[in-house]
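Dropping the structure in here first, questions after.
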Amino acid sequence: MDTDTDATEGELSGPFDEAVLEGLQLDRKTGSKGWADLEHTAPHEDSLLALAYTSGTTAKPKGVEFTHRGAYLAAMSNVVESGLNYHDSERAHYLWTLPMFHAMGWTFPWAVTAVRGTHYCLRKIDYPEIWRLLKEEGISHFNAAPTVNTLLCADSNAERLPNPVRVTVAASPPTAHLFETMEKLNLRPVHVYGLTETYGPITKGYQMPSWQELPVKERYAKMARQGHGFVTSLPCRVIKTEVPDGHIEDVQKDGKETGEIVFVGNICSKGYYNDVAATKKLFAGGVLHSGDLAVWHPDGAVQILDRAKDIIISGKSLLHRRIIRTSADTKQAARTSPA
């Protein structure tokens, strides 16, 4: 925590400065070798780079193991899929509305740095300040959940920007209406989907040129689908849920049969730190299980129906509505907060 003072030692310096000074003092004690003594390449690409802890909505937070190779490939995917690498004199101006501790910021701390982009950091979500930065600082990219984008578009400072801004959207499934609203403000949605266990984004809603000829509502509805596997991932799949454990069978690509989204390939995490049982369950049948329910469309795009976490904690979920309907006292149940 940085207490925002200029003091470099003593009571006002704060724990952040103390941590930096501790590292500086250690460097001096070991000969001030600086960059010359820095290990810049991991001895093994599959060795552990970081632990990204899940939100713990099941009351048991787990440390997701990120490897050097997986993080590198996920970051390179985000460079491509979010269009971070400009091909003219302008570099990416990336605004941090997404917390950096959410799946390591979806690997964007590495992705933006890889293209020599500029990081703009916020202390908190401040919609007037975000609009100021969009208008005055030439922000070219930011990532945000649908809720943040909805409130941003509704802010009194909202107005169409002169240049398009790529907005990578993920977390809860967005609506077609949100994408329509964003595009009117020149906020161009890049719709992705993923988990902490997949280094953040692992699918993208790829837009087809033919969609421009579709009626507006139909076009935005297609944009709201979770799409196809990333460039460094293998195709995602939707499998049947009512089959024996360990047996993997795809649902029909008819946009109707419901199943679970699963993944294989380069940007699946190594597993859970010191939790063999949970790791085994995560990769049952040789695929990474998302726990999210979806359909598989004829063109290969997946579309989420409900996220596993929403089923557990959301008052708007189908499960919660069923509980209310079957309650002995529906009025009392309706007044009860779905904590």
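Need the list of lysines near LYS60 for cross-linking: C-alpha distance under 24 angstrom, and skip anything on the same chain fewer than eight residues off.
LYS270, LYS280, LYS281, LYS309, LYS316
A further question on this structure: Fewest first, what order do HIS44, HIS102, HIS177 take by the number of other Cβ atoms within 10 Å?
On the way: HIS44 9, HIS102 17, HIS177 13.
With the sparsest Cβ surroundings first, the list reads HIS44, HIS177, HIS102.
Treat the count of other C-beta atoms within 10 Å as a stand-in for reagent exposure and order GLU257, GLU197 from fewest to most. Mind showing how you got there, number by number?
Numbers: GLU257 13, GLU197 28.
Listed from fewest to most nearby Cβ atoms, that is GLU257, GLU197.
Something else about it: So how far, in whole Å, is the C-alpha centre of segment 95-173 from the one of segment 237-281?
Cα centres, segment 95-173 to segment 237-281: 31 Å.
Here's a follow-up. Sort THR181, THR168, THR41 by Cβ crowding within 10 Å, fewest neighbours at the top.
In order of increasing Cβ crowding within 10 Å: THR41, THR181, THR168.
Using the alpha-carbon centroid of each, what span in Å lies between segment 290-304 and segment 13-38?
49
Quick note: the coordinates plus some simple rules give every number you see, no bench work behind them. All of these numbers come straight from a predicted model, not from anything done at the bench. Note: ideal-geometry Cβ built from the backbone for every residue, glycine included; neighbour counts use all protein chains shown.
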